[in-house]
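Any read-out appearing in this document is the output of simple, stated calculations on the displayed coordinates, not a laboratory observation. Everything quoted here is computed from the prediction, not taken from an experiment. No Cβ is skipped: glycine too gets one built from the backbone with ideal geometry, and neighbour counts run over all protein chains shown.
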Amino acid sequence: MKNQQNHVIPENLAYGREQFEKWRSEHKARTRFPEHLWSLAAKLAREYGLNKTAHTLRLDYNCLKKRIDSSVSDNMPQTEVKPQFLQLLPSELNSERQCTIECEDAKGTRISIHFNGRELPDLTAVISSLWSCGR
């Protein structure tokens, strides 16, 4: 005899099914689900699993998976890196020019460059060539 599992649906998942069935009964077939229902489905899928949720709510597995994937990437914390610029003005007191430049990218890679001399090279070209060497 086959071992049958008990098919008790968790309360939150049953509530989601009721919401989808109610919406289906009030709208024509092939009408798009509203965003609040997709959000509910994505939340339930993260809690109860993609396959079980898609089956219970009678949703397309791949459509629900795309919704979960896009909501995860939207919720990822994004650190905003604001570049800081420093204008280097020649000093009239020193005939020798000195400059130290330190750069750091979002991953934490650092470059520190120290220049001495009467003429400073094109700093933009130096930094961009050094920055691209290791990549």
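Points worth noting:
- Ranked by how many other Cβ atoms sit within 10 Å of their own Cβ, fewest first, the residues Ile68, Ile9 fall in the order Ile9, Ile68.
- Qualifying trypsin sites (Lys or Arg not before Pro) for the stretch 29-71 [loop in DSSP, other Cβ within 10 Å: at most 10]: Arg30, Arg32, Arg58
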